[in-house]
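Heads up: the structure comes next, in structure tokens.
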Amino acid sequence: MPAIVDTGPLVAFFDRGERHHHWATERVDELEAPLLVCEPVLTETAYLLARYPKAQDALFDLLQNGALSIAFRIEEQVGEVRRLLQKYRDTPMSLADACVVRMAELHERHKVLTLDSDFLVYRKHGRVPIPLIQPATPD
């Protein structure tokens, strides 16, 4: 199954102390490579892994070996990303979340791997629930 990955599962995959580490590891092993990411997700992930330099290195190894693929050019999607940020202003929606939602609109076959319960609220194409891969109790 192809997937777009959000920040939470990436951090959990690398941080063994994270409560969803085992779940994230199992999901990543089950999913079809490459997992699609956007640069804002990578930025958040690298920041949250800052105290784990080996994990940051491993994140970039996944990019180099093709297990992760940057599949979003924000400069090509500015209007759509802005529309999402405006629509979900009260949630509030992060730039990373807006990019992931837009990616879900562009990559129809892909589910979104996330720990974020806000994705239960977000909709693609205005009204369509986003197919998610989440633990039974998302954050």
Item checked: Residue within the stretch 14-29 that is closer than 21 Å to residue 117 by Cβ and touching a His at 6+ places or on another chain (Cβ under 7 Å) present -> yes
Checklist line | Positions within the stretch 93-115 being in contact (Cβ under 8 Å) with a residue 40 or more places away in the chain and touching a His at 6+ places or on another chain (Cβ under 9 Å), in sequence order | finding: 103, 104, 115
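Values in this text are rule-based calculations from the coordinates and carry no lab data. Remember, predicted model here, so these are calculated numbers, not experimental data. Ideal geometry is used to build each Cβ from the backbone, glycine not excepted, and the neighbour counts take in all protein chains shown.
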